[in-house]
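Note sheet for the following structure.
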Amino acid sequence: MRTLSDMSTVALAATDGMLQFELAIAQEVFGTPLPGFGPWYELSVCGPAPVKVGRFLLEPDHGLGGLARADTVIVPGWADIDVAPPTDLVDAVRTAHEAGARVASLCTGAFVLAAAGLLDGRRATTHWAHTDVLAARHPLVEVDPDVLYVDNGSVLTSAGKAAAMDLCLHLVRSDHGSAVANTVARRLVVPPHRAGGQAQFVTAPVPERDDHPLGGLLPWITERLDRPLTVEDLARHANMSSRNLARHFRSATGTTPLRWLLDQRIRRAQELLERTDDSVDLVAEATGMGTAATLRRHFNRTVGVPPDSYRRTFRAAEGSPRRPQAD
């Protein structure tokens, strides 16, 4: 069986009725080489020929049987959830997963994974407008309507539209580390991870307008992650009460100021562990954690592995880091 340490081939499942936006996101992330990085993903489109996507006709590289030869299979959004996904698509996705592929759905592509039985007994999500339908149609699926994506290891699902980008970047981050995912995000002019507090890096939107009440505060915080910061410090800089600060944070990021701050400290720690030889003590100091013990406790709780294991995993093979595995 394939392992998650060598995800080099990605196949997009394409049939009539797929959503153009989600398909294009996956093509952009996995099909555009990253300059200076070395070998990138080998992307192929698998489906019957030709495939009608929106107003366009797409010529796949392989038939649906090609999904079973990929390390990662991406199932874009399914346009009409009132119509059952094609049996050949469902069977091909199930076969690919049984062959060891990591399978990820974007938006309503979750209905294809559910029809294939891949979500039974698992937590999953889809576009918020269709979560009730997914739950009613597939009662064995634990549908979570409040997250942007869910990572179950070999099966992943994303919420609607822009959340597809969050999941695609998460896959890049899992395969190649935060630094590479951040580079891809900068090229696409999108946030590398939208801040939030879920263990699998499920995140919520951050404000992008200059006139937003938090517009000046969030960059100010990220420039001072090595310092001890309290809610009162943040409120004072934002020139608002702690209560108003909490309200704006909840609205903009979906979490509390301290939770958001901790997430940023963990992100910075990941980058330092990947890109430097600094000791865990120095990383703890640089991220405002104070001590290595504090960093280890929060890092393990958030990421799922200790900092030392994370560093060994992502630096074990230069140029092809792997997803961390718990000790």
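Evaluating 6.51 cos²θ - 1.76 cosθ + 1.60 at θ = phi - 60° for every residue in segment 90-101, the Karplus couplings come out as 4, 5, 5, 5, 5, 4, 4, 5, 5, 7, x, 6 Hz, glycine and proline recorded as x. In terms of other Cβ atoms within 10 Å, VAL231, VAL75 run from fewest to most in the order VAL231, VAL75. Among THR256, THR302, THR294, the largest mean-square fluctuation in a Gaussian network model of the chain, built with springs joining Cα atoms closer than 10 Å, belongs to THR294.
By the Cα gyration tensor, segment 1-156 has an equivalent ellipsoid whose semi-axes, rounded to whole angstrom, run 23, 18, 15 from largest to smallest.
Quick one: which of 57-67, 14-24 comes out on top by average Cβ neighbours within 10 Å, and what's the full order, highest first? Write out the running numbers ahead of the final one.
Values: 57-67: 17.1, 14-24: 21.4.
Ranked by mean Cβ neighbours within 10 Å, highest first: 14-24, 57-67.
The slack between ALA136 and SER279, meaning 0.36 nm per residue of separation minus the straight C-alpha distance, is 46.5 nm. All Cα-Cα distances of segment 129-181, cut into 5 Å bins from zero to the largest, leave 4, 19, 24, 24, 14, 8, 5, 2 percent in each bin in turn. How large is log10 I(q)/I(0) at q = 0.08, 0.09 Å⁻¹ when the Debye formula is applied to the Cα atoms of the chain, each weighted equally and without solvent? Taken in order of the listed q values, log10 I(q)/I(0) reads -0.38, -0.49. Model label points for ASP80 and THR95, set 7 angstrom from Cα along the Cα-to-Cβ axis, are 2.5 nm apart.
Given a 10 angstrom Cα cut-off, can you work out which residue in ARG301, ARG267, ARG122 is the most mobile in a GNM of the chain? Top of the fluctuation ranking is ARG301.
When the chain is treated as a GNM with alpha-carbon contacts under 10 Å, the residue of THR131, THR72, THR222 showing the greatest mean-square fluctuation is THR222. Note on ASN300 and GLU59: the model spin-label points, each 7 Å out from Cα along the C-beta direction, lie 5.6 nm apart.
In degrees from 0 to 90, rounded to the nearest 10, what is the angle of the helix 257-275 Cα long axis to the longest principal axis of the chain? Between helix and principal axis, roughly 80 degrees.
Helix 20-31 and the longest principal axis of the C-alpha atoms of the chain enclose an angle of approximately 70°. Taking the C-alpha atoms only, the angle from helix 242-253 to the longest principal axis of the chain is near 20 degrees. Taking every DSSP helix (H) stretch of at least 4 residues in the chain, weighting each as -39,500 (n - 2.57) and dividing the sum by the residue count yields a mean residue ellipticity at 222 nm of -12500 deg cm²/dmol.
Any read-out appearing in this document is the output of simple, stated calculations on the displayed coordinates, not a laboratory observation. Note that this is a predicted model, so its numbers are computed, not measured. Positions of Cβ are backbone-derived with ideal geometry, glycine not excepted, and every protein chain shown enters the neighbour counts.
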